[in-house]
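Asker: Have a look at this one.
The values are calculated or read from the model by the stated rules, or taken from the named source; none is laboratory data. Owing to the predicted nature of the structure, the values given are computational and were not obtained by experimental measurement. Methodologically, a virtual Cβ is constructed for each residue, glycine included, from the backbone with ideal geometry; neighbour enumeration extends over all protein chains shown.
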Ligand SMILES: C[S@@+](CC[C@H](N)C(=O)[O-])C[C@H]1O[C@@H](n2cnc3c(N)ncnc32)[C@H](O)[C@@H]1O
């Protein structure tokens, strides 16, 4: 038994490299929300992604947080962090067991070896992911532990993937130095062995996590404050995270093309299509029950800030907050910093007569 595996390093929700994560802006966003509303009852995080905003809302004292995302890979991670009550000793023992399985060839090895992962890691991952599923379907582990292990699997897979953190491409130079002439070729972590690790869980009943399309469910969610951080450009989240979603759902779909995506049209967001984005905001705002709505958007979005505030004004009185900052761009693997402005639009909804 490998006693060092489970105990050494634990993941936290802040650990993730995720497009559009508000990890560095969550303080500013929640300061603004709390100052504006003064109401700490219900909080809806409608496009929760990594869940860092939900986590911050809990810290600020919101009594009931509802976190929604269309990707199971995101919601399973949040469920694992907030809803797992399994004893730490039992978790460590199953992690040690899984980390010591004999590697085996399976779905991951057949489809993703030599592209997204090195072959040795594919074989370890095949053994581990299949065994997590078997333990759950035979009733040997409960749903809380299953979510925990699937979440850990996704976070560990992400650590050893041959990508810059998104799965719309993989780096082509396995075996090369990490960086050459400023261009990122391959991450050294790709060569480390895949290991499950533990999570820094924070059990609470004050958060509900829902997997689904917010456009279809927002009218069923009771919260006085709604925060929306939708995709803002043409990059579809499903296309960028298809592989993590594949590992979360684990029904082994056929994959296609160079990037090895599977078909899932329902996952494609209207917020990432120029012709649909205005309609999507109108649907969202019409269906939202909350009196106070906050929308994150930025200066590189499909809509200009004037276009977006124009839409929001139809639903109530608005206040626009701005936060200029610098981000790393992704110029084909070359890191460059550029200035953008993050917007937070507060809407005080008109009361229906
Ligand atoms: C900009 S990211 C949110 C980032 C998040 N605030 C954070 O700090 O990590 C947008 C998120 O919206 C999700 N998404 C896209 N369309 C959606 C929909 N119709 N319903 C729910 N979630 C959706 C994506 O999966 C993605 O996680």
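Asker: Looking at 263, 235, which is the one that is in contact (Cβ under 8 Å) with a residue 40 or more places away in the chain and assigned to a loop (DSSP other than H, G, I, E, B)?
Answerer: Of 263, 235, the one residue that is in contact (Cβ under 8 Å) with a residue 40 or more places away in the chain and assigned to a loop (DSSP other than H, G, I, E, B) is 235.
Asker: Could you list all residues from segment 283-316 that are more than 22 Å from residue 20 (Cα to Cα), surrounded by fewer than 16 Cβ atoms within 10 Å (Cβ to Cβ) and free of Cβ contacts under 8 Å to residues at least 60 places away in the same chain?
Answerer: 286, 310, 313, 314
Asker: Same structure again: Quick one: how many residues across segment 241-257 are assigned to a loop (DSSP other than H, G, I, E, B) and free of Cβ contacts under 8 Å to residues at least 60 places away in the same chain?
Answerer: 4
Yes/no matrix, rows are residues, columns are (1) within 22 Å of residue 212 (Cβ to Cβ); (2) outside the structural domain of residue 187 (by TED's automatic domain parsing):
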{"site": "241", "(1), (2)": "yes, no"}
{"site": "248", "(1), (2)": "yes, no"}
{"site": "253", "(1), (2)": "yes, no"}
{"site": "285", "(1), (2)": "yes, yes"}
{"site": "288", "(1), (2)": "yes, yes"}
{"site": "303", "(1), (2)": "no, yes"}
{"site": "349", "(1), (2)": "no, yes"}
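Asker: Given (1) touching a strand residue (DSSP E or B) at 6+ places or on another chain (Cβ under 7 Å); (2) closer than 23 Å to residue 57 by Cα; (3) within 16 Å of the ligand (Cβ to nearest atom), identify the lone condition not met by residue 199.
Answerer: For residue 199, the failing item is (3).
Asker: Only one residue in 26, 22, 17, 88 is within 23 Å of residue 150 (Cα to Cα) and within 16 Å of the ligand (Cβ to nearest atom). Which one?
Answerer: Of 26, 22, 17, 88, the one residue that is within 23 Å of residue 150 (Cα to Cα) and within 16 Å of the ligand (Cβ to nearest atom) is 17.
Asker: Could you tell me whether segment 222-230 includes any residue that is near the ligand (Cβ under 9 Å from one of its atoms) and either part of a loop (DSSP other than H, G, I, E, B) or on the phi > 0 side of the Ramachandran plot (or both)?
Answerer: Within segment 222-230, one or more residues are near the ligand (Cβ under 9 Å from one of its atoms) and either part of a loop (DSSP other than H, G, I, E, B) or on the phi > 0 side of the Ramachandran plot (or both).
Asker: Go through the residues of segment 301-322 one by one and say whether even a single one is in a strand (DSSP E or B) and modelled with pLDDT under 95.
Answerer: no
Asker: Hey, another quick one. Only one of 280, 346 is in contact (Cβ under 8 Å) with a residue 24 or more places away in the chain, assigned to a strand (DSSP E or B) and surrounded by 15 or more Cβ atoms within 10 Å (Cβ to Cβ); which?
Answerer: 346 is the lone residue from the list that is in contact (Cβ under 8 Å) with a residue 24 or more places away in the chain, assigned to a strand (DSSP E or B) and surrounded by 15 or more Cβ atoms within 10 Å (Cβ to Cβ).
Asker: A further question follows. Looking at the structure I just gave you, is residue 252 more than 9 Å from the ligand (Cβ to nearest atom) and in contact with a helix residue (DSSP H, G or I) (Cβ under 7 Å, 6 or more places away or on another chain)?
Answerer: yes
Asker: Identify the residue in segment 161-185 that is within 23 Å of the chain's Cα centre (by Cα) and modelled with pLDDT under 85 and, among all such residues, is surrounded by the most Cβ atoms within 10 Å (Cβ to Cβ).
Answerer: Within segment 161-185, the match that is surrounded by the most Cβ atoms within 10 Å (Cβ to Cβ) is 170.
Asker: Next question. More than 11 Å from the chain's Cα centre (by Cα), in a strand (DSSP E or B) and touching a residue at least 12 places away in the same chain (Cβ under 8 Å), is that true of residue 81?
Answerer: no
Asker: Kindly provide the set of residues from segment 44-78 that are part of a helix (DSSP H, G or I), buried (at least 24 other Cβ atoms within 10 Å of the Cβ) and more than 12 Å from the ligand (Cβ to nearest atom), ordered by number.
Answerer: Listed by number, the list holds a single entry, 76.
Asker: Which condition number does residue 120 fail, the rest of (1) modelled with pLDDT of 95 or more; (2) outside any helix (DSSP H, G or I); (3) more than 20 Å from the chain's Cα centre (by Cα) being met?
Answerer: Among (1) modelled with pLDDT of 95 or more; (2) outside any helix (DSSP H, G or I); (3) more than 20 Å from the chain's Cα centre (by Cα), the lone unmet condition for residue 120 is (2).
Asker: Now, a different point. Give segment 326-343 a look and list any residue that's modelled with pLDDT of 85 or more and either under 17 Å from residue 281 (Cβ atoms) or surrounded by 11 or more Cβ atoms within 10 Å (Cβ to Cβ) (or both), or say none.
Answerer: 340, 341, 342, 343
Asker: To continue, here is another question. For the subset of segment 186-207 comprising residues that are surrounded by fewer than 17 Cβ atoms within 10 Å (Cβ to Cβ) and touching a residue at least 60 places away in the same chain (Cβ under 8 Å), which member is nearest to residue 9 (Cα to Cα)?
Answerer: Ranking the qualifying residues of segment 186-207, first place goes to 200.
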